[in-house]
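These notes concern the structure reproduced below.
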Amino acid sequence: MKNLFTGVFTLFLFSISVNAQWSADRPDGHAPIQVMADHTHSKGEIMISYRYMLMNMNGNGDGTNELSNSEVLRPNGPYMVTPIEMPMEMHMLGLMYAFSDDITVMAMVPYLQNSMDHATAMGGAFTTESSGIGDIKISALYKFYDKKNSRLHWTFGLSLPTGSIEERDDTPMGANSLLPYPMQIGSGSFDFKPSLTYLTQSKSLSFGSQLGATIRLNDNDNNYRKSNVYQSTSWLGYKLTDWVAPALSFKLSGWSNYDGRDPRYDMALNNNVVHTVDPNLKAGTRADFGFGLNFQGPDGPLHDLRLAVNFDLPIYQSLDGPQMRTENMLTFGLQYTFH
Ligand SMILES: [Cu+2]
């Protein structure tokens, strides 16, 4: 028993013992795959990446309470229609290039596919769909601290209004109707996306923490700004072997209501048709717990290839609702670095 205790304690000391230098070249050297702009590169390196993200929205809530469809729909609730389920899929290509050991630039191009199932107060059901290239993001990452086993970097990102805010589909309200805000592909505005990332490592653990925001810089062509978003993400990865590292993460997010409104939704709003067209029912806060696995190819030709998967589960959400609740999010990614 004493030997077992000594053994476990020695293992613990070894795992927290400090590395000489922070290194990306280990499976826990990258954050869980849902975290963006988590690392910088060494001079001359190029990284290409592909991510698949599936976010499932399911049911409605107000505050921390879940609402049944009959609580949202007439005659008990105010609405004629309610969304009941919304899977949001995203395919994203990424490119990173390091001009120097301190400055890395990054571009990300997303393709989105949204689908929304509805129930109506009359007992009907219908589905709307939208898809297209989303808002392209360009960023500069500036590493300003790199000592021993810790690093800090700023990211200054700009999201461009390349995604459509004119998505339409057939609904019971009419053929080719303007779809509500959550079904639009882009924000329509230039968005400033700053973040600050801290990374530190021991022999077999990696810890990271990132504070980030999305700030809408202008009203879009349809007279509104989507929510500003503020988030804090922390993660702990464990280098189990040279090629696999499980990780836990915790994310807090808060977002505001919209500013302004698309005037074309006003008639629908007056009729209390559906809450998704109300720009004042958008704000909320959420805490997500994540479990991820990062794989890095063993020594040899696959060493520069990474594969990662992460599953996020909300453990708390409070919505300025009625609004759709987040059920879970799955992220899968491939990354390849050229030296
Ligand atoms: Cu990279």
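The values are calculated or read from the model by the stated rules, or taken from the named source; none is laboratory data. Computed from a prediction, not measured in an experiment: that's the story for all the values here. Cβ placement follows ideal geometry from the backbone for every residue including glycine, while neighbour counts extend to all protein chains displayed. Side chains included, ligands, DNA and RNA excluded: accessible areas come from the protein's heavy atoms. Shrake-Rupley method; radii C 1.70, N 1.55, O 1.52, S 1.80 Å.
Condition first: touching a helix residue (DSSP H, G or I) at 6+ places or on another chain (Cβ under 7 Å) and open to solvent by less than 50 Å² (accessible area, probe 1.4 Å). Now tell me which residues in the stretch 223-244 satisfy that.
The answer is Gly237, Val244.
If I ask for residues that are within 14 Å of the ligand (Cβ to nearest atom), out of contact with any helix residue (DSSP H, G or I) (no Cβ under 8 Å at 6 or more places or on another chain) and not β-branched (Val, Ile, Thr), which ones from the stretch 33-59 would you list?
Residues satisfying the conditions are Met36, Ala37, Asp38, His41, Ser42, Lys43, Gly44, Glu45, Met47, Ser49, Tyr50, Arg51.
For the structure I just gave you, tell me whether Asn220 is surrounded by fewer than 22 Cβ atoms within 10 Å (Cβ to Cβ), over 21 Å from the mean Cα position of the chain (by Cα), assigned to a loop (DSSP other than H, G, I, E, B) and not acidic (Asp, Glu).
Numbers: surrounded by fewer than 22 Cβ atoms within 10 Å (Cβ to Cβ): yes; over 21 Å from the mean Cα position of the chain (by Cα): yes; assigned to a loop (DSSP other than H, G, I, E, B): yes; not acidic (Asp, Glu): yes.
Here the answer is yes, as Asn220 does meet what is asked.
For Gly292, are the conditions met, namely being closer than 30 Å to Thr120 by Cβ, in contact (Cβ under 8 Å) with a residue 12 or more places away in the chain and of a type in the set (Gly, Ala, Ser)?
no
Considering the stretch 184-193 alone, what residues qualify as being within 17 Å of the chain's Cα centre (by Cα) and either over 30 Å from Ser209 (Cβ atoms) or crowded, with 18+ Cβ neighbours inside 10 Å (or both)?
Once the filter is applied, which keeps residues that are within 17 Å of the chain's Cα centre (by Cα) and either over 30 Å from Ser209 (Cβ atoms) or crowded, with 18+ Cβ neighbours inside 10 Å (or both), the stretch 184-193 yields Gln184, Ile185, Gly186, Ser187, Asp191, Lys193.
Considering only residues that are open to solvent by 70 Å² or more (accessible area, probe 1.4 Å) and part of a strand (DSSP E or B), look in the stretch 281-306 and name the one that is farthest from Gln231 (Cα to Cα).
Across the stretch 281-306, the extreme among qualifying residues is Phe291.
Can you pull out every residue in the stretch 169-183 that is touching a residue at least 12 places away in the same chain (Cβ under 8 Å) and open to solvent by 10 Å² or more (accessible area, probe 1.4 Å)?
Going through the stretch 169-183, the residues touching a residue at least 12 places away in the same chain (Cβ under 8 Å) turn out to be 169-173, 178-183.
The answer is Asp169, Asp170, Thr171, Pro172, Met173, Leu178, Pro180, Pro182.
What's the number of the only condition in (1) farther than 30 Å from Asp242 by Cβ; (2) open to solvent by 70 Å² or more (accessible area, probe 1.4 Å) that Asp278 fails to meet?
Only one criterion is unmet by Asp278, namely (2).
Just one of Phe156, Phe126, Phe144 is among the aromatic types (Phe, Trp, Tyr), over 23 Å from the mean Cα position of the chain (by Cα) and open to solvent by 60 Å² or more (accessible area, probe 1.4 Å); which is it? Write out each step before concluding.
Values: Phe156 fails: over 23 Å from the mean Cα position of the chain (by Cα); Phe126 fails: open to solvent by 60 Å² or more (accessible area, probe 1.4 Å).
Just one listed residue meets the conditions, Phe144.
Going through Leu73, Leu95 one at a time, which residue ends up being out of contact with any Leu (no Cβ under 8 Å at 6 or more places or on another chain), within 15 Å of the ligand (Cβ to nearest atom) and in contact (Cβ under 8 Å) with a residue 24 or more places away in the chain?
After applying the criteria, what remains is Leu95.
Output the number of the condition that Asn257 fails; it satisfies all remaining conditions of (1) assigned to a loop (DSSP other than H, G, I, E, B); (2) modelled with pLDDT under 95.
It fails just one condition, (2).
Any residue at all in the stretch 322-333 that's within 16 Å of the ligand (Cβ to nearest atom) and in contact with an Asp or Glu (Cβ under 9 Å, 6 or more places away or on another chain)? Can you show your working first?
At the first step, the residues of the stretch 322-333 found to be within 16 Å of the ligand (Cβ to nearest atom) are 331, 333.
With in contact with an Asp or Glu (Cβ under 9 Å, 6 or more places away or on another chain) added as a condition, the list becomes 331.
Scanning the stretch 322-333 turns up at least one residue that is within 16 Å of the ligand (Cβ to nearest atom) and in contact with an Asp or Glu (Cβ under 9 Å, 6 or more places away or on another chain).
Given the conditions (1) touching a Gly at 6+ places or on another chain (Cβ under 7 Å); (2) within 12 Å of the ligand (Cβ to nearest atom); (3) open to solvent by 20 Å² or more (accessible area, probe 1.4 Å), and given that Asp62 satisfies all but one, which numbered condition is not satisfied?
Tallying (1) touching a Gly at 6+ places or on another chain (Cβ under 7 Å); (2) within 12 Å of the ligand (Cβ to nearest atom); (3) open to solvent by 20 Å² or more (accessible area, probe 1.4 Å), Asp62 fails exactly one: (2).
Among the residues of the stretch 165-181, is any under 18 Å from the mean Cα position of the chain (by Cα), outside any loop (DSSP other than H, G, I, E, B), more than 24 Å from Lys282 (Cβ to Cβ) and not charged (D, E, K, R)?
No.
What is the number of the single condition among (1) modelled with pLDDT of 95 or more; (2) in a loop (DSSP other than H, G, I, E, B); (3) open to solvent by less than 50 Å² (accessible area, probe 1.4 Å); (4) of a type in the set (S, T, N, Q) that Ser42 does not meet?
Result: Ser42 passes all but (3).
Please verify whether the stretch 89-96 includes one or more residues that are under 25 Å from Lys143 (Cβ atoms), in a strand (DSSP E or B) and open to solvent by 50 Å² or more (accessible area, probe 1.4 Å). Can you show your working first?
To start, the set of residues in the stretch 89-96 that are under 25 Å from Lys143 (Cβ atoms) comprises 92-96.
Keeping just the survivors that are in a strand (DSSP E or B) gives 92-96.
From what's left, open to solvent by 50 Å² or more (accessible area, probe 1.4 Å): 93, 95.
So far as the stretch 89-96 goes, yes, one or more of its residues are under 25 Å from Lys143 (Cβ atoms), in a strand (DSSP E or B) and open to solvent by 50 Å² or more (accessible area, probe 1.4 Å).
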